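Student: Quick one: the structure is below, questions incoming.
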Amino acid sequence: MTSYLIDLVLLAALVVTALRSGRMYRELRLLRAAGSDLGAALQEADRSINRAAQAVVVLKHEGIQTLRALEARIEEAREEGDRLERRMERAEWVATRHGLSDRTAA
């Protein structure tokens, strides 16, 4: 009779172990699927980061080119301003010398 009782306890333990093993197997399958999804998401994130980095490099290069072009245009404008200033001074000097300036009439 005790052997039947021991057999029954061992059989119950075997059933519980089988049920837990089946549940653990399903969880492992879900974990593997989630892991592969995570890997795909990480690869996509890596590609996105690389595209963003390339865009930053391109924008920086274009920004530097734009800055250099603006600096050149600013220098041209300064030179033109200086030339205009000299011409205005010369015209004023000539007008003053010939008595045509507004300052001499007042």
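Student: Scan the range 44-98 residue by residue and report those that are under 39 Å from the mean Cα position of the chain (by Cα) and of a type in the set (Val, Ile, Thr).
Tutor: Residues satisfying the conditions are Ile49, Val56, Val57, Val58, Ile64, Thr66, Ile74.
Student: If you go through the range 85-103 one residue at a time, do you hit one that is open to solvent by less than 100 Å² (accessible area, probe 1.4 Å) and touching an Asp or Glu at 6+ places or on another chain (Cβ under 7 Å)?
Tutor: Yes, because at least one residue in the range 85-103 is open to solvent by less than 100 Å² (accessible area, probe 1.4 Å) and touching an Asp or Glu at 6+ places or on another chain (Cβ under 7 Å).
Student: Do we find a residue being open to solvent by 80 Å² or more (accessible area, probe 1.4 Å) and outside any helix (DSSP H, G or I) anywhere in the range 1-20?
Tutor: yes
The values are calculated or read from the model by the stated rules, or taken from the named source; none is laboratory data. These numbers were taken from a predicted model, which means no experiment stands behind them. Because the Cβ atoms are built from the backbone with ideal geometry, glycine has one as well, and the counts that use them run over all protein chains shown. The protein model used for the area step is the full one, side chains on, heavy atoms only, and it has no ligands, DNA or RNA in it. Shrake-Rupley method; radii C 1.70, N 1.55, O 1.52, S 1.80 Å.
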